[in-house]
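Student: Here it is: the structure, laid out below.
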Amino acid sequence: MEVLSVTSEIYPLIKTGGLADVAGALPAALAESGVSMRTLVPGYPAVTGKMAGGREVAVFDDLFGVKGRLVAGRVAGLDLIVLDAPALYDRPGNPYVSPDGWDWPDNWKRFAALSWVASQLGLGLVDGYRPQVIHAHDWQAGLVPAYVKYGPSASLRTVITVHNMAFQGTFGADIFGQLRLPAHAFSVEGVEYYGGVGYLKAGVECADVVTTVSPTYASEIRTPAFGMGLEGLLNNRSATVFGVLNGIDMEAWNPATDPSLAQNYAASTVHHRAINKRALQDAFGLDAAEGPLFAVVSRLTWQKGIDLLAANIDMMVAAGAQLAVLGSGDAELENAIRAAAMRYPGKVGLITGYNEPLSHLVQGGADVMMVPSRFEPCGLTQLYALRYGCIPLVSRVGGLNDTVIDANVAALQAEVATGVQFAPPDEGALGDAIRRTLALHADDKAWKKMQRRGMKSEVSWQSSAARYAQIYSSLTGLTTHDSADD
Ligand code: ADP
Ligand code: GLC
């Protein structure tokens, strides 16, 4: 079975968030289920720079008005097909926004081109390569199912995975004429969305199967609060909407071998984390204190509940805790954390910008990983935390609900607790959860037990990759290792 994955970011080449981790880990995970996955990505400089050994497999003289070509090659264990179109993608830095922070004005064209090229690959553009399924990720690949639906192939199947309903790729109706879609595609059954063009809407409408990244989020998005306009459509097609939980790359995230840690460790040597904690305190300018060290590794946005955290910092410091925040995002939220760091030198530290190795050290050294999100389709930081023996403190939404077992009295007695959950996602409930976490931390023996339990929880791709393989084979009638086992 050949599946073409289409994504706007992929680890380790270009990453702004969890989508890159997922797109980067899926192919290897699926290989074990007998699925061969290649990935189509835009040729940003960070990608083309790695394709020196690649081979040109197609040329476009008129790709939405610009020139482009496809370069295939293997990089970092990934089979990539890179859409090299300098006029669209040869821009440094963040893949979606200009250096001054605004969305690139031609994003509609950049990601329409990506999706159109994917559909052409599905039609056999490149000799010897014909995927049976195209798996599109997020709004940037949202037009893929539309191009396939309105195109000539009856056998090509499409899956779209929604990683975040909050990003929908909506544009004015004026672009429609340039999308290379037939006129009747501008309709409720096609790409039309509240009078304009909706890329994610098009994907959710036209794909054979819609998945999202956790079972809880799959039900949440059928409600107005989480569906963000698409809940009606999702309800209409609920028989083909599935929640498939993300896993993590167990090699890239392994505390026993992680080169970014000051000290490697396993569940049986979890006390060695103290050495990482010291290195982490150094990196963030924190005192070498013994109290609980809370941490955040995140985009600093409203989604992530960073304002709820900011409102609790005075209480945390008064209770003897430290806080290390790694992240960047909204200026106002960044400033709130920065102000706290200035108020409490040695107790609160902020490092802005994107730093992959440091994110590993935070997981390996902090006592608590905070994810107080208002909504969270899956969330990967709490999964990394579990694997690293860093206790997750999370709101009870989306994938956070599905992956962390709250340390309530019953769960502690049954010895199944792996973290702390709170609801609703507001300042007061987070405050209560922080106080509950402080009390748990005071009992060193019970805490270490919970750490070791978390480190053994199942966070790999194994069962979810098998689930994707089943979805592909249900669409194509082709068997994979996993469907054959059923
Ligand atoms: P989202 O995709 O919504 O941002 P996830 O939890 O799914 O949330 O994924 C976030 C990913 O980005 C994780 O791999 C996390 O470690 C990483 N990350 C977030 N902020 C930073 C940062 N400032 N430096 C390094 N890694 C970061
Ligand atoms: C999105 C979501 C996050 C999820 C990630 C990967 O960015 O916000 O919850 O883990 O995609 O699926």
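The values are calculated or read from the model by the stated rules, or taken from the named source; none is laboratory data. Please read these numbers as outputs of a predicted model, since none were measured by experiment. In this analysis, Cβ positions are derived from the backbone assuming ideal geometry, glycine residues included, and neighbour counts consider all displayed protein chains. Remember, those area values only see protein heavy atoms, side chains included, never the ligands or the DNA or RNA. Shrake-Rupley method; radii C 1.70, N 1.55, O 1.52, S 1.80 Å.
Student: Given Cβ point charges of +1 (Lys, Arg) and -1 (Asp, Glu) and nothing else, what value in debye, to the nearest 20, does the dipole of segment 14-160 about its Cα centre take?
Tutor: Numbers: 13 positive and 13 negative charges, 49 e Å.
Here segment 14-160 has a charge dipole of around 240 debye.
Student: Continuing with this model, one more query. Solvent-accessible area of Thr16, probe 1.4 Å, all protein chains present, reported in Å² to the nearest ten, please.
Tutor: 40 Å²
Student: Now, a different point. Starting from the residue with the highest accessible area, list Asp307, Asp138 in decreasing order, probe 1.4 Å.
Tutor: Working: Asp307 50, Asp138 20 Å².
These residues rank, largest area first, as Asp307, Asp138.
Student: Here's a follow-up. Rank these residues by their accessible area, most exposed first, probe 1.4 Å: His137, His272.
Tutor: Values: His137 0, His272 60 Å².
Reading off the accessible areas and sorting them downward yields His272, His137.
Student: Note down the nm distance, to one decimal, between modelled labels 7 Å out along Cα→Cβ at Phe186 and at Ser268.
Tutor: 6.8 nm
Student: About the Cα centre of segment 267-455, what is the dipole size in debye to 20, counting +1 per Lys and Arg Cβ and -1 per Asp and Glu Cβ, all else neutral?
Tutor: Details: 18 positive and 19 negative charges, 104 e Å.
Charge dipole, segment 267-455, about its Cα centre: 500 debye, nearest 20.
Student: Another one. Pairing the Cα long axis of helix 273-283 with the longest principal axis of the chain, what angle in degrees results, from 0 to 90 and rounded to the nearest 10?
Tutor: It is inclined by approximately 80 degrees.
Student: Right, another one. Largest first, what is the accessible-area ranking of Val47, Val57 with a 1.4 Å probe? Can you show the working numbers first?
Tutor: Values: Val47 0, Val57 35 Å².
Per-residue accessible area, sorted high to low, gives Val57, Val47.
Student: Turning to a different aspect of this structure: With both partners inside the chain, how many of the DSSP beta bridges are antiparallel, as a percent to the nearest 5? Don't skip to the end; give the middle numbers.
Tutor: Details: 19 of 66 bridges.
Approximately 30 percent, going by the DSSP bridge assignments.
Student: Can you grab the distance from the C-alpha centre of segment 246-295 to the C-alpha centre of segment 137-212, Å, no decimals?
Tutor: Using only Cα atoms, the two centres lie 43 Å from each other.
Student: Can you compute the charge dipole magnitude of the chain about its Cα centre, using +1 on each Lys and Arg Cβ and -1 on each Asp and Glu Cβ, nothing else charged? Give it in debye, rounded to the nearest 20.
Tutor: Numbers: 37 positive and 48 negative charges, 108 e Å.
With only Lys, Arg, Asp and Glu charged at Cβ, the dipole is about 520 debye.
Student: Using a probe radius of 1.4 Å on heavy atoms only, what accessible surface per residue do you get for segment 53-110? Whole Å² is fine. Don't skip to the answer; put the middle values down first.
Tutor: Details: 2950 Å² over 58 residues.
On a per-residue basis, segment 53-110 sits at 51 Å².
Student: Tell me the mean residue ellipticity at 222 nm calculated for the chain from its helices only (DSSP H runs of n ≥ 4, each -39500 (n - 2.57), averaged over every residue, nearest 500).
Tutor: On the way: 21 runs with 178 residues, N = 486.
After summing the helix terms and dividing by the residues of the chain, the value is -10000 deg cm²/dmol.
Student: Also: Note down the relative contact order for the chain as a percent, whole number, built from C-alpha pairs under 8 angstrom at least six residues apart.
Tutor: Answer for the chain is 13 percent.
Student: Here's something else I'd like to know. What's the FRET efficiency of Glu251 with Glu2 using the Cβ-Cβ distance as r and R₀ = 22 Å, to the nearest 0.05? Please report the intermediate quantities before stating the final value.
Tutor: Numbers: r = 25 Å, r/R0 = 1.12.
Computed FRET efficiency for Glu251 and Glu2: 0.35.
Student: Output the relative contact order of segment 267-455, whole-number percent, from Cα pairs under 8 angstrom with separation of 6+ residues. Please report the intermediate quantities before stating the final value.
Tutor: Numbers: 357 pairs, mean separation 42.1, N = 189.
Reported relative contact order: 22 percent.
Student: Follow-up. Measure up Lys67/Lys201; Lys50/Lys277; Lys15/Lys149; Lys277/Lys449; Lys109/Lys201; Lys304/Lys448 against 25 Å on the Cα-Cα distance and list the ones that go over. List each step's numbers first, then the result.
Tutor: On the way: Lys67/Lys201 28 Å; Lys50/Lys277 35 Å; Lys15/Lys149 30 Å; Lys277/Lys449 18 Å; Lys109/Lys201 17 Å; Lys304/Lys448 27 Å.
Flagged as over cut-off: Lys67/Lys201; Lys50/Lys277; Lys15/Lys149; Lys304/Lys448.
Student: Taking the chain as the reference, fit the longest principal axis to its C-alpha atoms, fit the long axis of helix 107-122 to the helix C-alpha atoms, and give the angle between the two in degrees, 0 to 90, nearest 10.
Tutor: On a 0 to 90 degree scale, this one is about 60.
Student: For segment 190-343, restrict the atom set to alpha-carbon positions and state the Rg and Dmax in Å.
Tutor: 21.2, 59
Student: Quick one: how many Å² of Glu334 are accessible to a 1.4 Å probe, rounded to 10?
Tutor: Only protein atoms counted, so the area is about 30 Å².
Student: Quick check: the distance between the Cα centres of segment 221-241 and segment 45-113, to the nearest angstrom?
Tutor: Segment 221-241 and segment 45-113 have Cα centres spaced 32 Å from each other.
Student: Compare the Cα positions of Ile221, Tyr147, Ala23 along the charge dipole of the chain (+1 at Cβ of Lys, Arg; -1 at Cβ of Asp, Glu; about the Cα centre) and return the one farthest towards the positive end.
Tutor: Ala23
Student: Would you work out which of Ser395, Pro372, Gly419 lies farthest towards the positive end of the dipole of segment 367-472? Charges go on Cβ: Lys and Arg +1, Asp and Glu -1.
Tutor: The residue sitting farthest along the positive end of the dipole is Gly419.
Student: Using R₀ = 35 Å, calculate the FRET efficiency as 1/(1 + (r/R₀)^6) where r is the Cβ-Cβ separation of Gln303 and Ala442; round to 0.05.
Tutor: Values: r = 32 Å, r/R0 = 0.90.
With R0 = 35 Å, the Cβ-Cβ based efficiency is 0.65.
Student: OK, next. In degrees between 0 and 90, to the nearest 10, how far off the longest principal axis of the chain does helix 18-31 point, with axes built from Cα atoms?
Tutor: Rounded to the nearest ten degrees, it is 70.
Student: Using a 1.4 Å probe on the protein heavy atoms only, what accessible surface does Ile275 show? Give it in Å² to the nearest 10.
Tutor: 80 Å²
Student: Grab the alpha carbons of the chain, take their convex hull, and tell me the volume per residue in Å³. Could the numbers behind the result be given before it?
Tutor: Values: hull volume 70.5 nm³, N = 486.
Dividing the Cα hull volume of the chain by its residues yields 145 Å³.
Student: Can you pull the Rg over Rh of segment 267-455, Cα-only, Kirkwood?
Tutor: Values: Rg = 14.8 Å, Rh = 16.0 Å.
When Rh is taken as the Kirkwood radius, the ratio is 0.92.
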